[in-house]
1. How far apart, in nanometres, would the label points at Thr270 and Ser90 be if each is projected 7 angstrom from Cα along the Cα-to-Cβ direction?
2. By counting other Cβ atoms within 10 Å of each Cβ, how are Ile75, Ile9 ranked from fewest to most?
3. How many angstrom separate the Cα center of the stretch 40-59 from the Cα center of the stretch 156-202?
4. Calculated from DSSP H runs of 4 or more alone, at -39500 (n - 2.57) each and per residue, what is the 222 nm mean residue ellipticity of the chain, nearest 500?
5. Which ³J(HN,Hα) values, rounded to whole Hz and listed in residue order, are derived for the stretch 105-112 from phi using the Karplus coefficients 6.51, -1.76 and 1.60 in 6.51 cos²θ - 1.76 cosθ + 1.60 with θ = phi - 60°, glycine and proline given as x?
6. Using the count of nearby Cβ atoms within 10 Å as a rough guide to exposure, how do Val146, Val119 rank from fewest to most?
7. Which net charge results when you count Lys and Arg as +1 and Asp and Glu as -1 among the other residues whose beta-carbon is under 11 Å from that of Gly229?
8. Under a point spin-label approximation (7 Å from Cα along Cα-to-Cβ), what is the Ala16-Glu252 distance to one decimal in nm?
Amino acid sequence: MNAHLFPGIDSSALDAEVTADVEALYSDGITARKGAFSADWADTLREDIDLAFEEALSRPGGAVGRGPNRYYVEIHPEQIRGFVDLVDHSWVRSLCTAVLGPDYRIVEVGFDVPLEGAVNQPWHRDFPMPEETRRERRLTSLAFNVTTVDTTEDMGPFEIAPGTQWDDGPEFEHGMFPPKSQYHRYVERAVRKYPQRGDVSARTALTIHRGTTNRSAQPRPVLVLGVDGPEAHNGERHDLAVTRGFWERLPERVRRHLDCPVVDQLVPVTQKHTIEGLVMGDA
């Protein structure tokens with residue numbers, strides 16, 4: 001059995017073979033399933049994100065800056081027509097179960113939009129290292145990313161430094177930003193990712209990464225799905241909700257993993273997961 005599988009999980013009982021993906025998450029900090037969906041499915045996702053982005057920009061607190069010309073928007077699950085397709089995909093379900101256990105919780109649905117003129121972000125992780133990870137070298141959450149464009153070099157691709165999910169030390173500002181004196185380590189390891197429409201990636205948000213300069217005239221919207229294991233508390237940073245009608249239409253297999261209130265009417269999310277260190281960008 002894979003030593004990194006969640007205790008009590010047998011890989012043969014999962015709906016998709018994810019042993020190599022689990023190993024990649026623990027070694028590199030990232031993995032992917034190419035062609036998980038069709039390009040048409042990704043195009044529909046792009047339509048939903050474009051609509052949500054326009055709405056978010058029209059009101060105070062609707063979008064939060066993650067650097068110059070770069071935004072993050074949190075949304076509710078039913079704003080995405082392909083939500084069930086994504087969270088109930090056999091690879092997504094199996095990977096969540098294998099890494100986080102059968103009681104994993106979906107706590108975040110949002111998207112990043114690097115616009116034309118977005119610049120390099122500082123190297124960072126998305127939140128401080130949890131104690132369980134520090135003590136036991138065990139992952140307690142996952143972030144899935146779904147591109148809505150065919151990524152090219154000039155679009156400011158996502159850049160990640162494999163294996164750095166275990167980096168830690170008091171010199172990390174807010175537990176998230178390594179000092180610039182260590183940047184050479186991340187530049188030497190850096191790998192740029194060029195996902196295409198229909199691809200889905202999974203990573204630990206602890207692996208040091210950054211968005212790069214978007215020199216194209218095109219935005220590069222990417223959906224973000226955040227999933228917690230039993231010990232994680234990332235849901236406290238987010239405000240997911242679903243309406244009663246949407247909840248009742250969800251498969252039970254999805255409902256049991258959706259950690260959010262069921263309401264009569266949705267209220268647009270006011271963004272609160274601000275990462276101050278990203279606002280100004282980096283060299």
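Read the figures in this text as sums done on the coordinates, not as results from a lab. Remember, it's a predicted structure, so these values are computed and weren't measured experimentally. Quick reminder, even Gly has a Cβ in these numbers, built from the backbone with ideal geometry, and neighbours come from all protein chains shown.
1. 4.5
2. Ile9, Ile75
3. Computed from Cα coordinates, the inter-centre distance equals 27 Å.
4. Theoretical 222 nm ellipticity from helices: -6500 deg cm²/dmol.
5. My calculation for the stretch 105-112 gives 10, 7, 10, 8, 10, x, 7, 9 Hz in order.
6. Val119, Val146
7. My count for the surroundings of Gly229 gives -2.
8. A separation of 2.4 nm, rounded to one decimal place.
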